[in-house]
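Values quoted throughout were computed directly from the atomic coordinates according to the rules given, and no laboratory measurement underlies them. Computed from a predicted structure; not experimentally measured. All Cβ positions, glycine included, derive from the backbone under ideal geometry; neighbour counts span all protein chains shown.
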Amino acid sequence: MANHDQKRASVTDKGDQSAFRRGVVALLPELRAFARFLTRDRTRADDLVQEAVVRAFASRDQFSAETNLKAWSFTILRNLFYEQARRCKREQEILSEYKEQPLPSAASEGKHDDVTDLNKLLWELPDDQREALMLVGAQELSYEEAAVICGVSAGTIKSRVSRARSFLVSLRDRSEG
């Protein structure tokens, strides 16, 4: 009997691992988008996603079926990003320099590019507000899921998103006026 139970557990584990693998693979585009938003660099974002996926598979035994895979994966990615930032002060200086460079604007060619304008406005937001808005707005996570990722309460996320939206409206109005 014990041997039969071991075989069943092995089959279940393989099925769970296969579902886990498929779930992580399905999240790759969203993880990449979030990583690109955090890093503002395509190459660094790809490296970040790769490392986050490696960590997710290495921590597979800590994941339970009741856990939201998207929130769990985004948490790993976010924590990895901040861990790398803390570990390497020089990278922070480079990111700061990159952030200060003006974004290329289609307006200089006589065209008005709303996406470029929005991108410029987003980077004027405080980091915590920009992150909350990205998770709730662009990634379509619930306030509760975003709160888990950021390690704060859902109310804090709601407040950050609300302040970010208000700030964007005021910046837009100021630039149009």
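Could you give me the ³J(HN,Hα) list for the stretch 55-71, computed from phi with Karplus coefficients 6.51, -1.76, 1.60 and θ = phi - 60°, whole Hz, x at Gly and Pro?
These are the phi-based 3J(HN,Hα) values: 5, 4, 5, 5, 9, 3, 5, 8, 8, 10, 4, 6, 7, 6, 4, 5, 5 Hz.
Could you go through the stretch 163-172 in sequence order and give the Karplus-derived ³J(HN,Hα) for each residue, using 6.51 cos²θ - 1.76 cosθ + 1.60 with θ = phi - 60°, rounded to whole Hz, and x for Gly and Pro?
Along the stretch 163-172, the couplings run 5, 5, 5, 4, 5, 4, 4, 5, 5, 4 Hz.
Kindly provide log₁₀ I(q)/I(0) values, in the same order as q = 0.20, 0.22, 0.25 Å⁻¹, from the Debye equation applied to equal alpha-carbon scatterers of the stretch 19-81.
-0.68, -0.81, -1.03
Once you place label points 7 Å from the Cα toward the Cβ at A65 and V169, how far apart are they in nm?
4.5
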